Amino acid sequence: MVGRHIHFCTVDANHYNDAVSSASSGVLPIIVVDRKAANPLHKQIYDGYRAAILRGDLRPAQRIPSSRELATELRVSRFPVLNAYSQLLAEGYFESRVGAGTFVSGSLPERQFSEQLPTSQSEQVASNPPGPRNVARRSLLYPTFKVGQVLRGWGAFGVHQPAFDQFPFQIWASLVARHSRNPNASAIHLVDPRGSERFRTAIGDYLRTARGVQCDPGQIMVVSGSQQALDIAARVLIDPGNPVWVEEPGYRLARAVLEAAECRLIPVPVDNEGLNVAAGIKLCRKAKVAFVTPSHHYPLGSTMSASRRIQLLNWAQSSGAWIVEDDYDSEYRYESLPIASLHGLDVNRRVIYIGTFSKVLYPSLRLGYIVIPADLVERFVAVRHAMDIFPPYLNQEVLADFIIEGHFARHIRRMRQLYGERRTALVDSLRNEFGDSLQIHGAEAGMHLAVTLTLPEGVKDTDITAQAARERLWLWPLSPSYMSESPQNGFVVGFGSVPADQIPRAVRLMHSIINRR
Ligand SMILES: Cc1ncc(COP(=O)(O)O)c(C=O)c1O
């Protein structure tokens, strides 16, 4: 049995350095107990032993001094030692043998030990080349996400950025305080994968009036944004290999969910009337589901015409398919009243409707909802329960009051006015700066528009957006929204977070970056 000695010593905080330096000339103490440290003594002893075992300084079946011996050696009372030992026994690092004493557990497998106990996971990866560390093939179907790659910064044209400075945080804070001080007991004890009933009722009232969505609160499920809604819908509706219609171009994060669900993506072209249903039928009549953004197509911004809506609903009914309607930013329309939802036209209950508060309030709130056909509620609830059981309490109650007390409607009215001004400033500046060399799409609604243009030979929109980001201009490239090998170059330009008077300068910068090539 290999046996390096473990040495214990007790230090006062100001003697700690002495203890370490005197030890460095002799044997390094493995467990340093510091009476003045914030960390309690029993925890220091526990940590010291655990680290020594994981480093391999203490080997399986090696004897441990009795609690009395250790307490004497450390000059501490027996209580912290007994406390640490009982924790190490409970966790299986130690074992006690009747009449023989305490030992490092003999059943700890040696091969888990490394020479050093790294202090962080990344050091671990660097210092401890591991054996096979295979991950599931399915996890590799998700596109790699580099933290910071999306909302890289705060500045002109960020696509998913609303006017944060206009959000009524004072009111919000008072509602948070109300529900933190006097929590709603029944909501706190609730285990309903659909979320708070009060909140779902408030959402249902809003949807009926503002979006033409007819549903009762039992059909509404609160989710952490549209993304979770898409994921749950895919789990309920799609089996691997199923053909599924997606918009071409379309929302990349919806595609990411569907690729991970291993379905067969059928890219269906979108024009200025929305999804080309006839083309979809030609490509694959038997698709199981169509994922669409009919109110404001992402990214090109068209609104699906009445005729296409009816064709889509007819196709779904005749082929037994589902339609997932992602209604992510329909609150803001500038030249007409908001367009009623596709769900409102559906008499056959084939539409699963998804809404989000990410655009209308702010994205890090992570709150959205699904309206589920009544006969599918049980399946959605089953999937949700296995996923994260139910949504967190506080923000649901806060947002319920925010809606019920009229703050939500007021905020939408103010923002519609503000975003309308920003949108006009952006369209005017783009026309002034680029003239006919650039086409504007989908400026009638939402918080972004798209532009297409012919770039110099060999230049891609992704090259331009990378350069623009270095100059704090957050353009979003259009080409990755296409599945096709020959995508259209262009940019998705958000105007939610840029004050109107800063827009002309930002557009001049955009023009100069594009023309530098
Ligand atoms: C097409 C589309 N759907 C949904 C969303 C919102 O996603 P989430 O609710 O997960 O923040 C966005 C972006 O904000 C979007 O562009």
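Since residue 299 meets every condition but one in (1) in a loop (DSSP other than H, G, I, E, B); (2) closer than 30 Å to residue 382 by Cβ; (3) in contact with a helix residue (DSSP H, G or I) (Cβ under 8 Å, 6 or more places away or on another chain), which condition does it not meet? The number of the failed condition is (2).
Which condition number in (1) away from the ligand (no atom under 16 Å from the Cβ); (2) open to solvent by less than 20 Å² (accessible area, probe 1.4 Å); (3) among the charged types (D, E, K, R) is the one that residue 211 fails? So residue 211 meets the others, but not (1).
The set of residues in the range 469-480 that are touching a helix residue (DSSP H, G or I) at 6+ places or on another chain (Cβ under 7 Å), within 15 Å of residue 155 (Cβ to Cβ) and either part of a helix (DSSP H, G or I) or at pLDDT 95 or above (or both) is empty.
Scan the range 220-270 for residues that are without any contact (Cβ under 8 Å) to a residue 24 or more places away in the chain and either in contact with a helix residue (DSSP H, G or I) (Cβ under 7 Å, 6 or more places away or on another chain) or within 16 Å of residue 293 (Cα to Cα) (or both) and the total you get is 3.
Yes/no matrix, rows are residues, columns are (1) under 25 Å from residue 248 (Cβ atoms); (2) assigned by TED's automatic domain parsing to the domain that holds residue 267; (3) open to solvent by less than 50 Å² (accessible area, probe 1.4 Å):
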site	(1), (2), (3)
456	no, no, no
459	yes, no, yes
472	no, no, no
481	yes, no, yes
484	yes, no, yes
490	yes, no, yes
497	no, no, yes
500	no, no, yes
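Reported count of residues in the range 333-358, each being buried (at least 23 other Cβ atoms within 10 Å of the Cβ) and either more than 10 Å from the ligand (Cβ to nearest atom) or at pLDDT below 95 (or both), is 6.
Every condition in (1) surrounded by fewer than 23 Cβ atoms within 10 Å (Cβ to Cβ); (2) of a type in the set (A, V, I, L, M, F, W, C); (3) in the same structural domain as residue 400 (by TED's automatic domain parsing) is met by residue 163 except one, and the failing one is (3). Test residue 364 against the criterion of being surrounded by fewer than 21 Cβ atoms within 10 Å (Cβ to Cβ), within 11 Å of the ligand (Cβ to nearest atom), assigned by TED's automatic domain parsing to the domain that holds residue 220 and modelled with pLDDT under 95, and give yes or no. Yes; evaluated as a whole, the condition is true for this residue.
The number of residues in the range 215-238 being open to solvent by 10 Å² or more (accessible area, probe 1.4 Å) and either out of contact with any Cys (no Cβ under 8 Å at 6 or more places or on another chain) or within 15 Å of the ligand (Cβ to nearest atom) (or both) comes to 13. Hey, among the residues in the range 97-124 that are more than 24 Å from residue 63 (Cβ to Cβ) and open to solvent by 100 Å² or more (accessible area, probe 1.4 Å), which one's modelled with the lowest pLDDT? Selected residue: 119.
Within the range 430-451, the set of residues being open to solvent by less than 10 Å² (accessible area, probe 1.4 Å) and polar (S, T, N, Q) is empty.
The values are calculated or read from the model by the stated rules, or taken from the named source; none is laboratory data. Just so it is clear, the structure is predicted and the values come from calculations on it, not from any experiment. Cβ: placed from backbone, ideal geometry, glycine included. Neighbour counts: every protein chain shown. When the accessible area is computed, the model is the full protein with side chains, heavy atoms only, and any ligands, DNA or RNA have been set aside. Shrake-Rupley method; radii C 1.70, N 1.55, O 1.52, S 1.80 Å.
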